[in-house]
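Comments concern the structure below.
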RNA sequence: GGAGAGAUGGCUGAGCUGGUCGAAGGCGCGCGACUGGAAAUCGCGUAAACGGCUUGAAACCGUUUCGAGGGUUCGAAUCCCUCUCUCUCCGCCA
């Protein structure tokens, strides 16, 4: 959420930012509402002041045993008028709030302007895509041949985009999760969190999934709970409403969770394999920083995620998202894309974003330095990494002509020393 | 699921026979005094949001906030209703 005062005082800057994103939201009605609200507020506050002063006087008179009936009658009317005004103000505030919640974050100045993902800009590459002297298989074919995935039974038991991992497939997924968590806790100073896999609507609003993106989530019937689309939601909202000690920043968390996404609008895309599931595993990195350090921390966060791919020996590239591809809440995002032979291209495996104070304002997460006033923290997060896609990348990049898969050395201890799935 | 207790400022904890209560006391924190320095002690000060004024900020003025929402009243931390959460006991359960 943007700062109301900022929007009020810099409507041109906000409009320009929204234009860059290709999000056409008219600010006129919003500004008019804001104007009206402040007028009403001044009016109501004057009346309240009168009520307070006179009520005090009534108390004094009654104590002294003097009549105050006339004042009481007058105040009765004043109170009724206040009530009406408060109702009106409340309605205006609700409208303003709803509008504000629907406005996306302002992209950072060095985010490239563009329409969509085709305008994203590559910033670096690591590793070389493998050269095969045979026809490489897609991970769904490798996995089924090795009997480590069962897509059909997943569909039978639940539906499309649900999968059973089986045998060494399940063990590999578990090994990758543990390897990622251990790397982030031991090498990157993250405190591990295992969060709830459901979160309420307030939390979903805090991180920006609601109110605009309800259709992307699964809601639990007869409750206010949603299945989390990412651990970002519970972990960021951990500190909602709190004032953190500035000395404790930055806070680094990593968290494993299952993630649930309705994938509305993705029908027909990535229908095979592990790439796009309604339920998938992810290790998430979440940071809380002060307002000065968040840009540097975004770079570090991205390196933390890349580190996993480097240790596993998976080739990847990093792109900075253009304004047209940038997520709603983000000020700047790097996508890390891993090489997938079956796609013959790089495929997103991590998305690292600085939200600046956008989420913090929604979730009311602040910090205080010394005796200073509370300020909103900056929040960042990134996948570190999507586990299913990592497993897919391992299968495809490290497959052999015989249909087996070599296990990257750092994962072997997590699989009891296993070097190859055959 | 049944019965009960509770939710107050950064923390703890009074107030809860309605009217100088934004709220005592303590702790913590900040500044100062004392000291060679420190501890202890003493003094002073310590919430936030919104709005007005202002080029901006500060100061100042006003409003709101004692879990959330609603009600009674001229006036609510205090009375009533609903909800949420926490704790205790019982039952059930991985």
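Here are a few things to note about the model shown:
- For chain A, built as a Gaussian network whose Cα springs stay under 10 Å, the top-fluctuating residue of A:316, A:343, A:252: A:343
- For chain A, the longest principal axis of the C-alpha atoms and the axis of helix A:28-63 are separated by about 50°.
- Alpha-carbon centroids, the stretch A:290-368 and the stretch A:189-266: separation in whole Å: 17 Å
- Length released on extending from residue A:32 to residue A:185, taking residue separation times 0.36 nm less the Cα-Cα span: 50.1 nm
- Exposure proxy order (Cβ contacts within 10 Å, fewest to most) of A:147, A:293: A:147, A:293
- Shape class of the stretch A:150-243 from the alpha-carbon gyration tensor: oblate, with a/c at 1.5 or above and b/c at least as large as a/b.
- Note on chain A: with a GNM built from Cα contacts shorter than 10 Å, the maximum mean-square fluctuation among A:191, A:220, A:111 falls on A:220.
- Overall form of the stretch A:1-58 per C-alpha gyration tensor (a/c, 1.5; a/b vs b/c): prolate
- Label zone at residue A:213, where the point sits 7 Å out along the Cα-to-Cβ direction: the stretch A:302-340 residues whose backbone N lies under 11 Å: A:326-330
- Between the helical axis of A:11-21 and the longest alpha-carbon principal axis of chain A there is an angle of about 20 degrees.
- MRE, 222 nm, helices only [DSSP H, n ≥ 4, -39500 (n - 2.57), over chain A, to nearest 500]: -13000 deg cm²/dmol
- Relative contact order of chain A, pairs being alpha-carbon contacts under 8 Å that are 6 or more residues apart, as %: 20 percent
- Applying 0.36 nm per residue to the separation of residue A:299 and residue A:80 and subtracting their alpha-carbon distance, the gain on full extension is 73.2 nm.
- Distance in nm between pseudo-label sites at residue A:48 and residue A:23 (7 Å out along the Cβ direction from Cα): 3.1 nm
- Chain A: angle of helix A:387-397 to the longest principal axis, Cα-based, in degrees nearest 10: 20 degrees
- GNM top mover of A:13, A:138, A:266 - chain A, alpha-carbon springs below 10 Å: A:266
- Additional length obtainable on full extension of the chain from residue A:60 to residue A:8, 0.36 nm per residue less Cα span: 14.4 nm
- Cα gyration tensor shape for chain A, rounded if a/c is under 1.5, else prolate or oblate: prolate
- What separates the Cα centres of the stretch A:17-46 and the stretch A:84-159 is a distance of 31 Å.
- Exposure proxy ranking for A:25, A:308, based on other Cβ atoms within 10 angstrom of each Cβ and starting from the fewest, stands as A:25, A:308.
Every number here is computed from the coordinates shown, using simple stated rules; none is lab data. This one's a predicted model, so the numbers in the text were calculated from it and none came from an experiment. Every residue, glycine as well, gets a Cβ built from its backbone with ideal geometry; the counts of neighbours run over all protein chains shown.
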